[in-house]
Structures are given as C-alpha cells and as structure tokens.
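Only one structure is covered here, and it is reproduced in the block below.
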Amino acid sequence: MIRISNTMTRTKEDFVPLTSGEVRMYVCGVTVYDYSHIGHARSAMVFDVIRRYLTFRGYRVTFVKNYTDVDDRIIKRANDAGITAREFAERFIAAEREDMASLGVLAPDIDPKATEHVPEMIDLIKCLVAGGHAYPVEGDVYFAISSFPPYGRLSGKNLDDLQAGARVEVDERKRDPRDFVLWKGAKPGEPSWESPWGPGRPGWHIECSAMAMKYLGASFDLHGGGEDLIFPHHECEIAQAEACTGKPFARYWVHNGMVNMGKEKMSKSLGNTLNIREIVKRHSPDTLRLWMLGTHYRNMIEWSEERVEESKRALERLTRLLHDAAAVRDGGAPTSLPAAFAEFRPRFEKAMDDDFNTPQALGVLFDFGRALAEARDRGGSPGAFAAGVDELVHLSRAVGLFGRGAAQDGPPPEVRELLAARGEARARRDFRRGDEIRDEIARLGWLVEDTSAGPRLTPKGR
C-alpha cells in the first residue's frame, strides 16, 4: 500500500484512488514569461517520479499539467518586445517543452493552456456569482472568502490574521480585503475576452480550477505543485471549485520543497535562477535526477555543483554495470533472476511506498549495484549477472533513471563492431589504426577505456 503525506490533513495516509486501478493527477505548470530554471526542474522531476512509480505499481495514470500563458509579466514583456502576448507565450512554451525533454521528464497526457480555456473559466465564475460566492464590481469579479468557511484549511492560516496586501491585491472596492480576483476588466494594451461582466481576462487562480475539472472531473485523486503554491493559489483553487460543485476537489495534496541558491529560494523574481538549458550543458539528465532524488521531495534542497559532481561519480558505478552486462549479452541471453538478487525489489518498493522516499530507494539501488559488482568480479554466471542488471534497470526506470539515451541499452551495433575491429588492430600491433578507430567511436558518442578485464565503453558526458 502506497502512503502519501497529504498537505490537507498533515498526515501520511494510505493512497486509495477514487477509481480502483486509476489515478487522475493535476500539477500546476509554469507561467511562461521566461526560461525554466532548476527550481522548475525539481518540481517537474518530483511529479515525474510520482507518476512513473504509480505506473510501475500498476495504476493507469492520467497526468495533466497546465501552462499559464497570460498574466501581467507576459503582457509587459510582450509589449516591450513589440509582439503579441500569444506570440511571446508560445515562444516560452516551446522552450519549456524542450527543457523538460532534455531532463528526461515525460510529457503530460494533457497540457492545457489558460488562454484556450477561458469559456470554461467564465462558466465557473458564473456559477460562483449565481451561488453568492462571487460578486462583480465595475467589470471585475471577486471571490467572497466569507462565503466559504473552509478557506484556509490547506495552508493552516488563520484568516483573522491575514492583512490586506498580504499576497492578495489591495482594492478598496472589495467587500473584504482578503477577497481575490476571478476576472479582471480589460485595460488598454492587454488581451481580453468577452464575458457577462464586460471584456477582460481571467485571474490566475481560476484557470487551474477550471482546467483540472474539465479534464479530471469535479473530484480527482492527486493535486501537486511547489510548496510556494499552497497559499494563496491552491487555497483559492479549492474554494472556487468546491463552492461551485459542493464536492471535494482533490483527495491528496502533494507539495515539493524549493531549491535554494545559498540561503535564498531560487526564483525568477529574485534574479538568482539557474536555467535548465544552461545546466544540462554541464550535467547529464540522470546525474541531475540522481542529485535531486537524494533529498526527499518534501524537503528543501540547496544547489551545489560539488554535490552534483558526487552524483555523477556515483552514477558511473551503476552505468558501468549496464555496459558490462551489454558485453555479456553478446555471448548469450540472460537467465531468470537469481534468488540472491530477489531481495532488492521488495526493499525498493517498501521505500517508495512510504511517501515516495527516493533517498531510501536509491540506497537500495546502490546496494543492488554493489551486489552485482561482487558477482561480476567473482566470475559468476554471465547470464545471472545480466538478469540482475536487467532488474536493476527496471527498478531504476521506476524513478526515471536510465530511461533515455544509449546508456540503458549499451552501445549500438556499429560501436560494438568498431570496438571489435580496434581489438583486431591492436592484436596486429597496428596501434595507429587502433587509435583511429577509437576516435571514430568517440565521434559516435562513446569513450573507450582499456582495463585489465578488457576494453570498456562509456557514453560521453556520463
């Protein structure tokens, strides 16, 4: 049984989906006004791991992650650049997709854009106005938090202590300074849509409620995002959805910790970001993932080039096993999994079932790796060794490691053929030809390491 720390209840609960065998999951995506940074990567990898592990455990997962493609920052930057907000946003949506692919993060099943779901947002606002939960004021519409007594339960905030201006817009037209905007009346130079309250555009919070319910229903299983979204964004999402439908919105609320640079949270507004497209030039996706998974998803993680380099060296111990197993397969198929290696899957699952405890799960994978290395060095059955490595890869892929590129399958046939030709050249003492072949192999993305046990191939950058 998987257990999840639910932000709503502040307890670790058994995970019981609404529909047996199926998981409907919504994660808040990025506001596309700039390139994604390593903080976005952390959140993306956290929920990629959760999604992958739920699939590994046999669930059919529907994963929705949105794009906020209209807001004040997008509009301002688009106007400064002399292009439309839509053109500006599309540029960074494309960039975000490239960045996520470069990290080995699976694409969502559905990735809705806010601007393509304004009619659904208007319908939700109309429902809230009709039910007395929202009120129009001179072209704007506000949610009346006094009409929804549970407001504040997700964040645990005491509403009486909230002051005007504390992460909510100050507007003297509000009935209560804590009320938040659902619809903003049109302003010159901004994109707008027609509505019953006049032309305008949706507020930030309404978009996720509307899109989540469109694709996952009034109630769904799991809602995720960074811990900085708990208040006010997720608090407002709940109020909007439940005030209209009268049904629980999401059953489990999951939030990841932030990435800090030094002692500060990394954020675009602070100007201390490290863009994904910059960092992947220095570190492989698996190295970054291994570093991130070494800290539990709910905890803060501090960026450290040194720690990432340590993860790279640790990863090399596992990838070497994969390449050694690939060489073994040339001599025959793997056997069934030996009993000596059967203990690692239940240990891995026990760790991951406990609120996706990746640090403990990685410990199991490295214990497995050491056992495989010892079996290899003792000269045991090559087929048994290969079967063990297959199991190691299968477990690793459940958290997104070895899920892309050549590393998981060993070198391609042309590289193996060149390696064999190099061996023949060296046997003839034609070392010049051997060096030329080594360079050809390098151009195909592989490095040749001559060891006492024979040549070993390693992907470049790993």
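The values are calculated or read from the model by the stated rules, or taken from the named source; none is laboratory data. Keep in mind it's a predicted model, so treat the numbers as computed, not measured. Cβ placement follows ideal geometry from the backbone for every residue including glycine, while neighbour counts extend to all protein chains displayed.
Could you tell me whether any residue of segment 287-299 is over 26 Å from Ile50 (Cα atoms), in a helix (DSSP H, G or I), of a type in the set (A, V, I, L, M) and not assigned by TED's automatic domain parsing to the domain that holds Leu419? No; the residues of segment 287-299 include none that is over 26 Å from Ile50 (Cα atoms), in a helix (DSSP H, G or I), of a type in the set (A, V, I, L, M) and not assigned by TED's automatic domain parsing to the domain that holds Leu419. Among the residues of segment 318-326, not a single one is under 23 Å from Glu96 (Cα atoms) and among the polar types (S, T, N, Q). Does segment 174-188 include one or more residues that are assigned by TED's automatic domain parsing to the domain that holds Trp253, over 34 Å from the mean Cα position of the chain (by Cα) and acidic (Asp, Glu)? Yes, that holds for at least one residue. Tallying residues that are surrounded by 19 or more Cβ atoms within 10 Å (Cβ to Cβ) and of a type in the set (Ser, Thr, Tyr) within segment 1-34 yields 5. If the condition is being of a type in the set (Gly, Ala, Ser) and either surrounded by 15 or more Cβ atoms within 10 Å (Cβ to Cβ) or part of a loop (DSSP other than H, G, I, E, B) (or both), then segment 424-444 contributes Ala425, Gly434. So, of the residues in segment 54-85 that are of a type in the set (Val, Ile, Thr) and part of a helix (DSSP H, G or I), which turns out to be surrounded by the most Cβ atoms within 10 Å (Cβ to Cβ)? Residue satisfying both the conditions and the ranking: Ile74.
Any residue in segment 121-138 that's over 17 Å from Asp179 (Cα atoms): show its pairings with residues that are buried (at least 17 other Cβ atoms within 10 Å of the Cβ) and acidic (Asp, Glu) at Cβ separation under 9 Å, as long as the two are six or more apart or on different chains. Sorted first by the residue in segment 121-138, then by its partner, the pairs are Met121/Glu207.
I'd like the full set of residues that are among the small types (Gly, Ala, Ser) and free of Cβ contacts under 8 Å to residues at least 24 places away in the same chain, limited to segment 355-400. Before the answer, list the steps.
Applying the first criterion (among the small types (Gly, Ala, Ser)) to segment 355-400 yields 361, 363, 369, 371, 373, 375, 379-381, 383-384, 386-388, 396, 398, 400.
Within segment 355-400, Gly363, Gly379, Gly380 meet the criteria.
Inspect all residues belonging to segment 7-14 and state whether any of them is part of a loop (DSSP other than H, G, I, E, B) and under 30 Å from Glu90 (Cβ atoms). The answer is no; no qualifying residue exists. Taking residues in segment 41-54 that are under 16 Å from Arg24 (Cβ atoms), and partners anywhere that are aromatic (Phe, Trp, Tyr), the pairs with Cβ atoms closer than 6 Å and at least 6 places apart or on different chains are Ile50/Phe356; Arg51/Phe63.
Every residue in segment 349-371 that is within 20 Å of Gly388 (Cβ to Cβ) and either crowded, with 20+ Cβ neighbours inside 10 Å or hydroxyl-bearing (Ser, Thr, Tyr) (or both), please. Give the derivation first.
Pass one, segment 349-371, residues within 20 Å of Gly388 (Cβ to Cβ): 349-352, 361-371.
Scanning segment 349-371 gives Met352, Ala361, Leu362, Val364, Leu365, Phe368, Gly369.
Against the test of being under 31 Å from the mean Cα position of the chain (by Cα), assigned to a loop (DSSP other than H, G, I, E, B) and surrounded by 15 or more Cβ atoms within 10 Å (Cβ to Cβ), the options Gly156, Gly152 yield a single qualifying residue, Gly152. Within segment 325-339, is there a residue that is under 21 Å from Asp48 (Cα atoms) and free of Cβ contacts under 8 Å to residues at least 60 places away in the same chain? No.
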